[in-house]
Each structure stands twice: as structure tokens, then as C-alpha cells.
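Novice: Have a look at this one.
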Ligand SMILES: Nc1ncnc2c1ncn2[C@@H]1O[C@H](COP(=O)(O)OP(=O)(O)OP(=O)(O)O)[C@@H](O)[C@H]1O
């Protein structure tokens, strides 16, 4: 029997909900706040925000309403793998659910769309990027969306640890599509992030928010401080040799996962490796083996864990400290889901910090590059369908702005300023291969204008041909969309296989973009200020992790307070963390050098002749990659890259700024690869011999201590 009071059960919608819980999911009662959330959606017909920790049972809070409501439940979820798992499980339980994603072939997605349009699909999972797709938007306009569920909804907040610009468009989508109810879900939201979510989706901050405190009494949190890698290895070996069940060891970079696992194997500890750089079959195999093991060890980056629902993980070890407390809470939250005592260890080591600070600072670009980018966008002539299209990969290289940041800049032009609106992106290159001679003869015999244009302008290599759709359209006068449609048609008819590449983002212009120098500068200024704000926020989050780990306070209490649950830990003492058991916080105070050494600065200045962007030089010195550094060969392969990682980053920027100012902020035209037409107008060449000698620095926030890691791939 359900545990809910009879008043609720008697409401026909709640009766239905209990029926679905029992008949479809096979559970006898709701957990904690699940029922209250469902009541909010089904009985009150109001929006809600669910803040349950990992494994808290968030999925049921939209899956059950989906079954009770007429119409479609649309679920926005950031990870294709996670969507697939959820859909497979639902289908197994007899629920009409599917996802639309970029990995599907045309026949599968055609079937899904048909089921959605005819109203027989109950739940549809999509990634947020799908909201830029015209075809998808047209389809959504024709269906009744009774519930929109936004998973990982903390990604909506610019103050969150994992902000994603595509998430910003979800709220507008909900309004435009007259979505009847919205349910936002997240496991990690600080009070300010949850305020942001409530503000965006009109969720009542009192009645509409359902939270289960993050405090988990069966997790013993420990922090330990180390000076060297060898000490950390010796400690992790001893923890793992005495492990009481499966263990996850979290590291920062993919190469760390390989290094640590290989070292553990030397100690007869059979450690598997998991990171985003491994083939998906390998990742699947590692995950499956771990799920089935009762003493398995996985050394992994943060890529491991989303959707891992294993009850008996007994140890979670942060071999490198996490970059935010949100990550930490999610990662330790994977331990002890069965309620049994489990141990979590965070290793603090001064040499690990710069690499994390590099991540925090990596997204800020030069203000001048933002100006040049806006200039290109505003001066570009629209195509015949009045849209602007850009190769973001190329722009990222041209303007030294990371692609994720560029995406955000476009989202800002769209949402904050209303200049543009993203529409379906397209591929500019198709590589086609013939399937058989018969099919190929049909391709050659196709007499449509698009087919003729394709055959005129394609370039062939053996049995393969490459089609540049932009060039073909420009030279032949045939619409680019007709060309793409013809290639897709040949593939659907089985005549060819094709591989599309070089995606171009497309935008409709909704109001004239600024073209005057001052207006562009002003807009760039605002965008840049936002970027610096986010960078400071990310560095602050890192500082909070150190503060949490070193505070003279119970660790469980510290974590709970961070998430706004002051009263979750009884008497504010968990009794089993390293603070509670030792009576003191750990000693750890890495201080970065705030006055850079002149000789070392000069070496960087000699190696990199650019003087238009002090941050570029600071990034090279500190070891933070960027598209421009990579292009100029001043990145990871350069011996001086990261050579000043022990210096406070702001002090480096200030020191290099002095040098750039002396050189008039000029670009080294003759040495660096050309960037853009606009960029080339800055014509003077600077000397490659520097004369930095002051040794003084402005700024100089007391940062984190130094080390010798080179940046690498994370995730
Ligand atoms: N009412 C219930 N009774 C029994 N088991 C439940 C109930 N609700 C959820 N569960 C189970 O709890 C587990 C965790 O649920 P779910 O995956 O929804 O959590 P989550 O909050 O989405 O976690 P994560 O943040 O890790 O994705 C699942 O195995 C689910 O089947």
C-alpha cells in the first residue's frame, strides 16, 4: 500500500500515479519527496524544481507524471548515453519512450517523429542543442507538451559549475511552445543557482522547490595533505589494498588516469581506466565490469559516474582535488548508495592546483578578439535565405576563442541583445562513397539541377567524391539546401554512403547588428566583462574547495552549508570525518609567487613575439592552452609552455601587459599565422627581443602554489 495519506491517494491523478508506480515501475511506495513533487505537477498543475542528491530518485518525478498526463513529456538531457539508458529501461517497462539524437539514422528518427506527431509517443528525450533545429521546432509546435522536464538544470545558471549556453534557450522554448508544466531537476545547486532556475521558469521559491539535503550520514569524508606524487601513490595503494568493496579513484586528466592505473597495477591492484578519450565500447566494457564487481577499481576522470547507479561502492578517492564542491558532492555521492559505511578521501597537494586554476581561467579571451569577431558577424552578407552562417571551428581558431565560449557569445547576441536567432546548422562538406555500380549509375543519371551541379563541382578521389555544398551553391546558383537534400536522398535510396563534416552554425538576423566602431567596442566590452565575471567565479569555486577541505569544521557540515542545508547534520558534527575524528582541519597553504622573475618572463617574451594580448603570453607562461597558442606552436609541445606555473596568474597578466603596452599592443604579423582579414590590418611588426626588467607586478592575488604539470585533456 502506498504510504501517502488517503486524501492524496483519492485524487484521481494521484491514484493514477500510484498505479503507475506499482504497475509500470514495480515499486510499492514513493520515496521521500517524490510524491509531493508529483502532486505539485499533477494536482496543482504548477512548475517545480527538484533538488535531490544523486541516486535520490529524480527520474520517477517526471516519468510517472508522463504516464498520467495526456500529451507529450519532453525531457531535455545533456548526455546522449544517459538518454539512451533511460529510454532503454522505459521501453523495457512498456513505456512509449524514445530519443532524438545525432547518432540515429534517418529511418529511426523518421519513425520517432511520426510517433510524436501522431500522439502515440509518451516521452521524448532530446539534448538542448535540438532546440536550434527548425524541423524539431516545427514538430513541437504541432504537439501538446504537457510536461517539460529539464534534467541537470543547474547548467542553466551562469553561476553554476557547468553552465551550458544552450540551456539558456530552454526557458524561451517553454514559453513559445506553451508548455503546460515544467519540472527542473538537479543534484547540485547552491542557493544562488536554484534561485536562477526558479527565476527562469517561474517556479515558486517556497511551494515549488523540493529538496532532500545532500547530507549522507554513511559517508566518512577525509582530507589528507601530501607534498609529492610518491606520497600520494603510497597512500592510495594502502587504501586500495585494504578496500572493503568497489572503489573509484578520480583524477584530473585523461593521462593521469592512465599513469595512476598503470602504477597501481605494479602493486598487483587490478585497476581499470575510464575517460572520455577511450572508444565507447571500451568505456562500456569498463563500466559493465565495474557494475558487476564487488571489489573492482576504476581510475577515472569526471567522465565516469553520470548515471552510475551501483549500490555498494565503498571508497571514492580524489587523487586530485575536484575543481568545485558541486563536482565533489556528486562524486562522493556515488559511494554507499546502499546506506552502508563508505569512505571518501580527498588528497590535497599544492602541485595539483595550477592545473585546476588553468581550467578555471581557460575560457577568457582577449577583448580585442571579441571586437573582431563581432565585426565579422555584423559585416557578413546574409545568404539568399537571409541567414548568416559561420564555421565556428574556424572562427575559434581565427579569434582565439574556445568553441564553447564562442557558443556562449552567440547565445548572448541572441538572448541578451536580440540581434540574431539560431536556426538549423548545416554541414558544408559531404564525402560520399559509392555502394555498388548499379546505385552509382543512378547517381550519374540523376538529371535534377542539384545533381548536375554536384557532379560539376565535386572533386573525386578513386571511388570517393567530396562535395563542398557552399562552393557548389555559389557557383551553380542552386540552393545549398537542395544540394544537401539530394545527397541525403541518394543515401536514403542506398546508392551511396556519406559522411558530413565542417558544420556551420546558422542564424537569422532579428535586428541590425552594430557596425560602428564605438558600438562594437561597447558590445565587446559588455561581453568581456561577463567573461571575466565567470572566470572569477570559477577561481572562487576552486578556492571554496580548498577552504572546505582545510576549514576547522566538520566536513559534512561544511558541504551541507555550501548547498544551503545548515541544519542537515545533527549538531553540525558528523562524528566520522577527518575533522571530527582528529579535532582539527588539515594544514595547507600554498601561496603562489606574486612577483614574476624577470629572466623567466623574458624567455617567454623571446619565444612568443605577439604583443597584442598580454593574456596570451600569460597563458603560455602559466600553461593554459588556447586555439591561438596551438596554432602558433606555443602550446603543450613548447618547452616554455607552463614554465611559470608557480606564479600568480594575475601577476603574470600584469607583467606581460606592461610589455605589450610598450610595444603598442601590436601583433607580430610576420611570425604568427594569419588570423583574419581584419586582424591583418594591424600592420606593425614588433621586435622579438624583449627587455622586461622591472620585476614588479601589479595585481597579484594570493593564488595557489606551483607545480610542473602540463595541461592535457580532461574528461
Ligand atoms: N520509490 C522508489 N522505490 C524504490 N526504488 C526507487 C524509487 N524511486 C527511485 N528508485 C530507484 O532509485 C535509483 C535511483 O533513482 P534515479 O536514477 O531516478 O536517481 P537520480 O536522482 O536520477 O540519480 P542521478 O542523479 O544519479 O541520475 C534507481 O535505481 C531507481 O529505480
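The values are calculated or read from the model by the stated rules, or taken from the named source; none is laboratory data. Because the structure is predicted, anything quoted here is derived from the model rather than measured. Reconstructed Cβ throughout: ideal geometry from the backbone, glycine too, with neighbour counts over all protein chains shown.
Novice: Could you please tell me which pairs satisfy a Cβ distance under 7 Å, a separation of 6+ or placement on different chains, a first residue in segment 46-67 that is farther than 14 Å from residue 209 by Cβ and touching a residue at least 24 places away in the same chain (Cβ under 8 Å), and a second residue that is more than 13 Å from the ligand (Cβ to nearest atom) and part of a loop (DSSP other than H, G, I, E, B)?
Specialist: Pairs found: 66/122; 67/95; 67/122.
Novice: Further, regarding this structure: Filter segment 286-340 for residues that are part of a loop (DSSP other than H, G, I, E, B), surrounded by 23 or more Cβ atoms within 10 Å (Cβ to Cβ) and without any contact (Cβ under 8 Å) to a residue 60 or more places away in the chain and give the result.
Specialist: Across segment 286-340, the qualifying residue is only 304.
Novice: Looking at residue 273, is it away from the ligand (no atom under 16 Å from the Cβ), without any contact (Cβ under 8 Å) to a residue 60 or more places away in the chain and in the same structural domain as residue 250 (by TED's automatic domain parsing)? Quick ask: steps written out before the conclusion?
Specialist: Details: away from the ligand (no atom under 16 Å from the Cβ): yes; without any contact (Cβ under 8 Å) to a residue 60 or more places away in the chain: yes; in the same structural domain as residue 250 (by TED's automatic domain parsing): yes.
Yes, satisfied.
Novice: Confirm whether residue 129 is over 23 Å from residue 15 (Cα atoms) and touching a helix residue (DSSP H, G or I) at 6+ places or on another chain (Cβ under 9 Å).
Specialist: Numbers: over 23 Å from residue 15 (Cα atoms): yes; touching a helix residue (DSSP H, G or I) at 6+ places or on another chain (Cβ under 9 Å): yes.
Judged against the criteria, residue 129 is a match.
Novice: Suppose the filter is in a helix (DSSP H, G or I), out of contact with any helix residue (DSSP H, G or I) (no Cβ under 6 Å at 6 or more places or on another chain) and farther than 30 Å from residue 313 by Cβ; does residue 19 pass it? First the steps, then the outcome.
Specialist: Numbers: in a helix (DSSP H, G or I): yes; out of contact with any helix residue (DSSP H, G or I) (no Cβ under 6 Å at 6 or more places or on another chain): yes; farther than 30 Å from residue 313 by Cβ: yes.
In short, yes.
Novice: Let me ask you something else. Where residues in segment 156-201 are in a loop (DSSP other than H, G, I, E, B) and within 16 Å of the ligand (Cβ to nearest atom), which of them is surrounded by the fewest Cβ atoms within 10 Å (Cβ to Cβ)?
Specialist: From segment 156-201, those in a loop (DSSP other than H, G, I, E, B) are 157-164, 177-181, 187-190; that's our starting set.
With within 16 Å of the ligand (Cβ to nearest atom) added as a condition, the list becomes 160-162, 187-189.
Details: 160: 26, 161: 21, 162: 16, 187: 22, 188: 24, 189: 27.
Filtering segment 156-201 for residues that are in a loop (DSSP other than H, G, I, E, B) and within 16 Å of the ligand (Cβ to nearest atom), the one surrounded by the fewest Cβ atoms within 10 Å (Cβ to Cβ) comes out as 162.
Novice: Also: Return only the number of the condition from (1) crowded, with 20+ Cβ neighbours inside 10 Å; (2) more than 20 Å from the chain's Cα centre (by Cα); (3) under 30 Å from residue 175 (Cβ atoms) that residue 207 does not satisfy.
Specialist: Single failed check for residue 207: (1).
Novice: If the requirement is being touching a helix residue (DSSP H, G or I) at 6+ places or on another chain (Cβ under 9 Å) and surrounded by fewer than 15 Cβ atoms within 10 Å (Cβ to Cβ), which of these qualifies: 533, 585, 564, 575? If you could, list the steps in order and put the result at the bottom.
Specialist: Working: 533 fails: touching a helix residue (DSSP H, G or I) at 6+ places or on another chain (Cβ under 9 Å); 585 fails: surrounded by fewer than 15 Cβ atoms within 10 Å (Cβ to Cβ); 564 fails: surrounded by fewer than 15 Cβ atoms within 10 Å (Cβ to Cβ).
Of the residues listed, the single one that is touching a helix residue (DSSP H, G or I) at 6+ places or on another chain (Cβ under 9 Å) and surrounded by fewer than 15 Cβ atoms within 10 Å (Cβ to Cβ) is 575.
Novice: Residue check, residue 219 against (1) over 25 Å from the mean Cα position of the chain (by Cα); (2) more than 30 Å from residue 273 (Cα to Cα), all met but one. Which one?
Specialist: In the conditions (1) over 25 Å from the mean Cα position of the chain (by Cα); (2) more than 30 Å from residue 273 (Cα to Cα), residue 219 misses (2) alone.
Novice: I've got another one for you. Quick one: in segment 349-363, which of the residues that are within 16 Å of the chain's Cα centre (by Cα) and not in a helix (DSSP H, G or I) is modelled with the lowest pLDDT?
Specialist: 362
Novice: Looking at segment 17-40, can you tell me whether even one residue there is more than 14 Å from the ligand (Cβ to nearest atom) and either within 25 Å of residue 154 (Cα to Cα) or touching a residue at least 60 places away in the same chain (Cβ under 8 Å) (or both)?
Specialist: Yes, segment 17-40 contains at least one residue that is more than 14 Å from the ligand (Cβ to nearest atom) and either within 25 Å of residue 154 (Cα to Cα) or touching a residue at least 60 places away in the same chain (Cβ under 8 Å) (or both).
Novice: While we're here: Which of the residues spanning segment 458-475 are in a helix (DSSP H, G or I) and surrounded by fewer than 17 Cβ atoms within 10 Å (Cβ to Cβ)?
Specialist: Of segment 458-475, the ones in a helix (DSSP H, G or I) are 469-475.
Passing the criteria: 471, 474, 475.
Novice: Follow-up question, since we're still on this one. If the requirement is being in contact with a helix residue (DSSP H, G or I) (Cβ under 7 Å, 6 or more places away or on another chain) and closer than 28 Å to residue 563 by Cα, which of these qualifies: 247, 271, 220, 207? If you could, list the steps in order and put the result at the bottom.
Specialist: Working: 271 fails: closer than 28 Å to residue 563 by Cα; 220 fails: in contact with a helix residue (DSSP H, G or I) (Cβ under 7 Å, 6 or more places away or on another chain); 207 fails: in contact with a helix residue (DSSP H, G or I) (Cβ under 7 Å, 6 or more places away or on another chain).
Only one candidate passes the filter, namely 247.
Novice: Test of understanding: among 397, 452, which residue is surrounded by fewer than 16 Cβ atoms within 10 Å (Cβ to Cβ) and either outside any strand (DSSP E or B) or assigned by TED's automatic domain parsing to the domain that holds residue 164 (or both)?
Specialist: Answer to the check: 452.
Novice: Further, regarding this structure: Whether any residue in segment 286-302 is away from the ligand (no atom under 16 Å from the Cβ) and within 30 Å of residue 537 (Cα to Cα) is what I want to check.
Specialist: There is at least one residue in segment 286-302 that is away from the ligand (no atom under 16 Å from the Cβ) and within 30 Å of residue 537 (Cα to Cα).
Novice: Mind checking whether some residue in segment 500-510 is outside the structural domain of residue 465 (by TED's automatic domain parsing) and farther than 30 Å from residue 223 by Cβ? Lay out the reasoning, then the answer.
Specialist: Keep residues of segment 500-510 that are outside the structural domain of residue 465 (by TED's automatic domain parsing), which gives none.
No, that holds for no residue.
Novice: Assuming residue 262 fulfils every condition listed in (1) within 16 Å of the ligand (Cβ to nearest atom); (2) part of a helix (DSSP H, G or I); (3) more than 25 Å from the chain's Cα centre (by Cα) apart from one, which condition is it?
Specialist: Here residue 262 meets the rest and fails (1).
Novice: All but one of (1) assigned to a helix (DSSP H, G or I); (2) touching a strand residue (DSSP E or B) at 6+ places or on another chain (Cβ under 6 Å) hold for residue 586; which doesn't?
Specialist: Residue 586 satisfies every listed condition except (1).
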